[in-house]
Amino acid sequence: MFTILVVEDDDNLRKLFCTVLNKNGYQTIDAKDGYEALDCMDKNYVDLLISDVMMPNMDGYELTRELRAAHYEIPILLITVKESFQDKQKGFLSGTDDYMVKPIDVNEMVLRVEALLRRAQIITERKLTIGSTILEYDTLTVFQNKLPILLPQKEFYLLYKLASYPNKIFTRQSIMDEIWGMDSESDERTVDVHVNRLRDRFKENQDFDIITVRGLGYKVVKKNV
């Protein structure tokens with residue numbers, strides 16, 4: 001079970017966030033300000049932090065900077081009434097991973113928590129699971145029903161990128177820039193060739209499809225089995 005630290009000086013909001021998270025299967029710890037939060041972090045293992053920005057004693061920006069300076073790499077979600085670009089920029093520069101503006105939809109908050117935890121797990125374990133398919137980054141290997149398939153480097157990186165964000169569309173150019181490098185002399189048709197090879201390799205896969213979005217690029221879609 002994941003443990004989430006909720007830092008909020010408003011008693012009603014703090015209780016609401018904790019209640020909603022508990023109902024969605026998370027364990028919660030709560031704090032009223034940044035100093036209490038740091039004390040909680042010293043005494044408990046925390047998987048993710050949700051913090052208000054405007055708090056007495058130590059605000060959310062300061063708390064985030066303190067944690068990053070102390071090399072805490074946990075996902076951080078800041079919640080605030082401040083909605084200007086400058087405020088959001090300040091949040092991201094302090095080290096937050098995501099930002100929500102009040103009044104918030106608690107169901108959306110849960111979705112964002114799930115996404116942040118999934119990305120953190122992918123980064124930490126360097127392994128991605130979709131159904132019975134496992135992509136193991138360090139060995140460039142895909143396991144289907146425990147059977148290994150070693151992929152060429154570029155093919156693996158392409159599949160891993162798409163599968164890390166199901167339903168997100170990646171343009172050919174963005175794929176080229178990240179996997180082949182911005183100085184590559186290859187053109188965007190190279191991406192099409194690699195996608196076709198991946199489709200051929202995984203045409204019997206029951207967990208995902210690689211979909212072409214005409215005029216845009218590609219995305220991975222999970223199959224409903």
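For region 3-125, what does the alpha-carbon gyration tensor say about shape, rounded, prolate or oblate, given a ≥ b ≥ c as the root eigenvalues, a/c under 1.5 as rounded, and a/b over b/c as prolate?
Rounded is the answer for region 3-125, as its axis ratio a/c remains below 1.5.
Over 19 Å between Cα atoms: which of Lys146/Lys203; Lys168/Lys222; Lys168/Lys223; Lys15/Lys102; Lys15/Lys43; Lys23/Lys88 fall into that group?
Violating the 19 Å limit, Cα to Cα: Lys15/Lys43; Lys23/Lys88.
Before I look further, what does region 1-91 give for accessible area per residue, probe 1.4 Å, in whole square angstrom? Working shown, then result.
On the way: 4720 Å² over 91 residues.
Heavy-atom SASA per residue in region 1-91 reads 52 Å².
Tell me which label goes with the value of Rg and Dmax of the Cα atoms in Å computed from the coordinates here: [x] 20.7, 74; [y] 20.4, 58; [z] 17.9, 69.
Only one listed value fits the structure, namely [y].
Ignoring ligands, DNA and RNA, what percent of the accessible area of region 158-225 is carbon or sulfur (1.4 Å)? Before the final figure, lay out the partial values.
Numbers: 1810 of 4120 Å².
On region 158-225, the fraction of accessible area on carbon and sulfur atoms equals 44 percent.
What are the principal axis extents of the Cα atoms in region 127-222, in Å, biggest first?
37, 26, 21
By its C-alpha gyration tensor, with a ≥ b ≥ c as the square roots of the eigenvalues, how is region 1-44 shaped: rounded for a/c under 1.5, else prolate for a/b larger than b/c, else oblate?
Taking the square roots of the gyration eigenvalues as a ≥ b ≥ c, region 1-44 is oblate.
Could you check which residue among Arg172, Arg214, Arg199 shows the biggest mean-square fluctuation in a GNM of the chain with a 10 Å Cα cutoff?
Arg214
By the gyration tensor of its Cα atoms, with a ≥ b ≥ c the square roots of the eigenvalues, what is the shape of region 63-129: rounded for a/c under 1.5, prolate for a/b over b/c, or oblate?
It is oblate, given that a/c is not under 1.5 and a/b is not larger than b/c.
Mind listing the phi-derived Karplus ³J(HN,Hα) values for region 43-60, rounded to whole Hz, using 6.51, -1.76 and 1.60 with θ = phi - 60°, and x for any glycine or proline?
After applying 6.51 cos²θ - 1.76 cosθ + 1.60, I find 9, 9, 7, 10, 8, 7, 10, 10, 9, 5, 8, 7, 9, x, 6, 9, 7, x Hz.
I'd like the per residue volume of the convex hull spanned by the Cα atoms of region 9-72, given in cubic angstrom.
77
The values are calculated or read from the model by the stated rules, or taken from the named source; none is laboratory data. Please read these numbers as outputs of a predicted model, since none were measured by experiment. For the accessible areas, the whole protein counts, side chains as well, though only heavy atoms, and no ligand, DNA or RNA atoms are used. Shrake-Rupley method; radii C 1.70, N 1.55, O 1.52, S 1.80 Å.
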